[in-house]
Ligand code: ADP
């Protein structure tokens, strides 16, 4: 490879900028020409591709969002769209790609690479942490710390009023943000898509704590839990415990923003560096992950959304520690 392109695609996540910076600077270090592709696959199709130098990624390691912008791109699902994208790359002589995104973006990359024989390297960028082949995804640590910070604040006001708060965090298919932030904030219970909730037991324990006048009662709910989010859970609880002063707080998009944590900057930097090394050594169509603190490569085909089994023990810990 001599000219490479880097793009961010799909859902945004804090730390993507740190990854872009690492790709650009490692590429330049090795004498490659590096191009930034704007708005994910849309920029490839619209020929929105700009040359990057070391200075173009100055002062971005600490910034949330992505300077390259991100998008979902319908045309890329079609062969015609991908062909147009390839022609634009060919015009510039780009012969390798680094895609920072989630499993959808990887599926697109795999298809593209099979059709046009262009090596693609994926970096896992998603706040949900649910990608196979890596212990970390870029953005998860920041999102979960933002959630902890917000829930701590809710706890203060819950305490002042003896209220029961049902807090909703992001996670349509995965409960990691809920599980980690719930344990870290001493939640009474955590409702996640990966596990069934015994509503009888939850109502019982909340009623009992209501009687004891427990100072703070917090339940953390992932948006994709079996009841369909915090509003739905609150409705059930209000009906069952009419005397409780129940409030709902949906954290929403604040979880996607903000300055990335040290951990996210670190893994983004390591992964970005290794993405370029992969292209140079001919390791093609893999996702760069980190497992047990070692670099770990997964064929893009297998880098899919992983509904990992969340240990029952974690959920047991939640209940014991909240009693
Ligand atoms: P994420 O990468 O965060 O999982 P999406 O699933 O929205 O986000 O995927 C991002 C983009 O990747 C899509 O908008 C589309 O352009 C491309 N893509 C996803 N799946 C496919 C596919 N099966 N074939 C071709 N392109 C795809």
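The values are calculated or read from the model by the stated rules, or taken from the named source; none is laboratory data. What you see is a predicted model, and the numbers here were worked out from it, not measured in a lab. Cβ: placed from backbone, ideal geometry, glycine included. Neighbour counts: every protein chain shown.
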*Please work out if residue 16 is over 17 Å from residue 119 (Cα atoms), more than 15 Å from the ligand (Cβ to nearest atom) and in contact with a strand residue (DSSP E or B) (Cβ under 7 Å, 6 or more places away or on another chain).*
no
_Tell me yes or no: at least one residue of the range 149-166 is in a loop (DSSP other than H, G, I, E, B), modelled with pLDDT under 95 and either over 10 Å from the mean Cα position of the chain (by Cα) or more than 10 Å from the ligand (Cβ to nearest atom) (or both)._
yes
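One line per residue, one yes/no per condition, for (1) assigned to a loop (DSSP other than H, G, I, E, B); (2) under 21 Å from residue 271 (Cα atoms); (3) more than 16 Å from the ligand (Cβ to nearest atom):
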| residue | (1), (2), (3) |
| --- | --- |
| 23 | no, yes, yes |
| 44 | no, no, no |
| 71 | yes, no, no |
| 88 | no, no, no |
*Subset tally (residues that are crowded, with 22+ Cβ neighbours inside 10 Å and under 27 Å from residue 254 (Cα atoms)) for the range 10-58*: 20
*asked:* Residues to consider are 271, 287; find the one that is in contact (Cβ under 8 Å) with a residue 12 or more places away in the chain, surrounded by 19 or more Cβ atoms within 10 Å (Cβ to Cβ) and in a helix (DSSP H, G or I).
replied: 271
*Give the residue, chosen from 109, 174, 132, that is within 15 Å of the ligand (Cβ to nearest atom), touching a helix residue (DSSP H, G or I) at 6+ places or on another chain (Cβ under 9 Å) and at pLDDT below 95.*
132
*Within the bounds of the range 54-61, is there any residue that is more than 8 Å from the ligand (Cβ to nearest atom), in contact (Cβ under 8 Å) with a residue 12 or more places away in the chain, under 22 Å from residue 136 (Cα atoms) and out of contact with any strand residue (DSSP E or B) (no Cβ under 8 Å at 6 or more places or on another chain)?*
yes
*Which condition does residue 124 not pass, out of (1) outside any strand (DSSP E or B); (2) within 11 Å of the ligand (Cβ to nearest atom); (3) within 21 Å of residue 294 (Cβ to Cβ), if it passes all the others?*
(1)
*Condition test on residue 244, is it touching a strand residue (DSSP E or B) at 6+ places or on another chain (Cβ under 6 Å), part of a loop (DSSP other than H, G, I, E, B) and more than 30 Å from residue 97 (Cα to Cα)?*
yes
*Tell me, which residue of the range 113-128 that is buried (at least 24 other Cβ atoms within 10 Å of the Cβ) and touching a helix residue (DSSP H, G or I) at 6+ places or on another chain (Cβ under 7 Å) is nearest to residue 178 (Cα to Cα)?*
128
